[in-house]
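Participant: To start, I am sharing the structure in question, which I have written as structure tokens.
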Amino acid sequence: MKFTQTGTFKENYLKEVVDFKPMENIEIMFLDKLDYFIGFVAKEKPEIITEYISNLVKKYQGFVEVEFVKNISGEIKKVIAKLKNLKQYTNLTIASLNYFIHLLQLKDTNAWETSEVQISRKALIQVWVYHSYYFLETLVETIDRTEAMKLFKRYITQYYMAHPPSGRDKFVSLEKRLEDRLSGDTTSSEWVLVHTMLEEGKYAFKNKNCPTLVDTMKDIPDVELKYLVCCYGDYAKFRATTNDHIILTMEHTLMEADPYCSRVLHDTRIDYDLRHPPKEFWDNFEPGNEEEAKKYYKK
């Protein structure tokens, strides 16, 4: 068992400017998940869908001071036409588009229809995750909180099952996954992780930072909802991006104010023991501290 750290802590990462193509990304980053969620709620809770849509429209409108889009036309009309559920709710579609443009924080608000714009990395992450957070928060405000969270868990799991990634067939094994992560330049990533194979078919890694979601959402107080939106989907996502036999266990997260995220990917074809190492192991999961950490493994 050897521990290896990769990545480098980077200051001002969220302030970096990146190129972004709004029309190319709006469907996969924003509208597709909302469309799937609307269909999911309509199927699971048809009695509340009208009230929920009304509440979500008000939620998105409450963030936007300027109405950038007043009707659906041009290229965006072609995108909306492909969406099964959103196209039934014009008011929500327009409110969603206005919120999307608002999140981009563009100096020229008409530029969102161009091929490429420059935005901060923080704005990019907000575009990716804020709308999901608020459609969950709106559901919590519409029905019982516990029931809403259960529904969201089922939605996010089903979403990843229904949207398997194209590169899934390239997965070989967890051992090969670790080998790939430790090859080449291991310092360039802004994600600082510690890796090891606990044993055959058990790949453990610890996130020492979350320069994207945790840092971007630190001003949002509801930790429980943030965890569901940003972290819970990892259970289904890791399985979707690897193999049906791969199961993630995770007991500590930075989003929930733990000092790290503790994760193990288990290949159940080799061993179906899904016990997660105790906190004492993760506290000592640092390069050069292998012997001390081993004392706590499997205890």
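The values are calculated or read from the model by the stated rules, or taken from the named source; none is laboratory data. These numbers come from a predicted model, not from an experiment. Neighbour counts are summed over all protein chains in view; Cβ atoms, including those assigned to glycine, are modelled from backbone coordinates with ideal geometry. Only protein heavy atoms, including side chains, enter the accessible area calculation; ligands, DNA and RNA are left aside. Shrake-Rupley method; radii C 1.70, N 1.55, O 1.52, S 1.80 Å.
Participant: Quick one: is Leu14 within 30 Å of Asp185 (Cβ to Cβ) and either touching a residue at least 60 places away in the same chain (Cβ under 8 Å) or touching a strand residue (DSSP E or B) at 6+ places or on another chain (Cβ under 6 Å) (or both)?
Facilitator: Yes, satisfied.
Here's the yes/no breakdown for (1) more than 26 Å from Asp19 (Cβ to Cβ); (2) out of contact with any strand residue (DSSP E or B) (no Cβ under 8 Å at 6 or more places or on another chain); (3) among the β-branched types (Val, Ile, Thr):
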{"site": "Leu124", "(1), (2), (3)": "no, no, no"}
{"site": "Val129", "(1), (2), (3)": "no, yes, yes"}
{"site": "Leu139", "(1), (2), (3)": "yes, yes, no"}
{"site": "Lys153", "(1), (2), (3)": "yes, yes, no"}
{"site": "Ile156", "(1), (2), (3)": "yes, yes, yes"}
{"site": "Gly167", "(1), (2), (3)": "no, yes, no"}
{"site": "Leu178", "(1), (2), (3)": "yes, no, no"}
{"site": "Gly184", "(1), (2), (3)": "no, yes, no"}
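Participant: Of all residues in segment 109-122 being in contact with a strand residue (DSSP E or B) (Cβ under 8 Å, 6 or more places away or on another chain) and not hydrophobic (A, V, I, L, M, F, W, C), which is modelled with the lowest pLDDT?
Facilitator: Keep residues of segment 109-122 that are in contact with a strand residue (DSSP E or B) (Cβ under 8 Å, 6 or more places away or on another chain), which gives 111, 116-121.
Now narrow it down to the ones that are not hydrophobic (A, V, I, L, M, F, W, C): 116, 118, 120-121.
Numbers: Glu116: 87, Gln118: 93, Ser120: 95, Arg121: 96.
Ranking the qualifying residues of segment 109-122, first place goes to Glu116.
Participant: Among the residues of segment 108-119, what is the count of those that are touching a helix residue (DSSP H, G or I) at 6+ places or on another chain (Cβ under 7 Å), closer than 26 Å to Lys218 by Cα and open to solvent by 40 Å² or more (accessible area, probe 1.4 Å)?
Facilitator: Total satisfying the criteria: 0.
Participant: Identify the residue in segment 40-62 that is free of Cβ contacts under 8 Å to residues at least 40 places away in the same chain and open to solvent by 70 Å² or more (accessible area, probe 1.4 Å) and, among all such residues, is nearest to Val127 (Cα to Cα).
Facilitator: By that ranking, first place goes to Gln61.
Participant: If Lys84 meets every condition in (1) crowded, with 16+ Cβ neighbours inside 10 Å; (2) assigned to a loop (DSSP other than H, G, I, E, B); (3) of a type in the set (D, E, K, R) apart from one, which number is that one?
Facilitator: Lys84 satisfies all of (1) crowded, with 16+ Cβ neighbours inside 10 Å; (2) assigned to a loop (DSSP other than H, G, I, E, B); (3) of a type in the set (D, E, K, R) except (1).
Participant: Please enumerate the residues belonging to segment 120-133 that are more than 14 Å from the chain's Cα centre (by Cα) and either at positive phi or open to solvent by less than 40 Å² (accessible area, probe 1.4 Å) (or both).
Facilitator: Across segment 120-133, the qualifying residues are Ser120, Ala123.
Participant: So, of the residues in segment 140-189 that are more than 13 Å from Ala240 (Cβ to Cβ) and β-branched (Val, Ile, Thr), which turns out to be nearest to the chain's Cα centre (by Cα)?
Facilitator: Filtering first and then ranking leaves Val140.
Participant: So, one more: Looking at segment 149-265, what strands (runs of 3 or more DSSP E) fall wholly within it and have at least 2 residues that are open to solvent by less than 20 Å² (accessible area, probe 1.4 Å) and of a type in the set (Asp, Glu)?
Facilitator: Once the strands (runs of 3 or more DSSP E) in segment 149-265 are filtered for at least 2 residues that are open to solvent by less than 20 Å² (accessible area, probe 1.4 Å) and of a type in the set (Asp, Glu), nothing remains.
Participant: If you check every pair at least six apart or on different chains, which have Cβ atoms under 8 Å apart with a residue in segment 135-157 that is among the charged types (D, E, K, R) first and a residue that is open to solvent by 30 Å² or more (accessible area, probe 1.4 Å) and part of a helix (DSSP H, G or I) second?
Facilitator: Qualifying pairs under 8 Å: Glu137/Lys59; Glu141/Asn55; Lys153/Tyr232; Arg154/Glu44.
Participant: Further question on the same structure: Could you tell me which residue of segment 266-299 is surrounded by the fewest Cβ atoms within 10 Å (Cβ to Cβ), considering only residues that are over 17 Å from Leu193 (Cα atoms) and hydrophobic (A, V, I, L, M, F, W, C)?
Facilitator: Leu274
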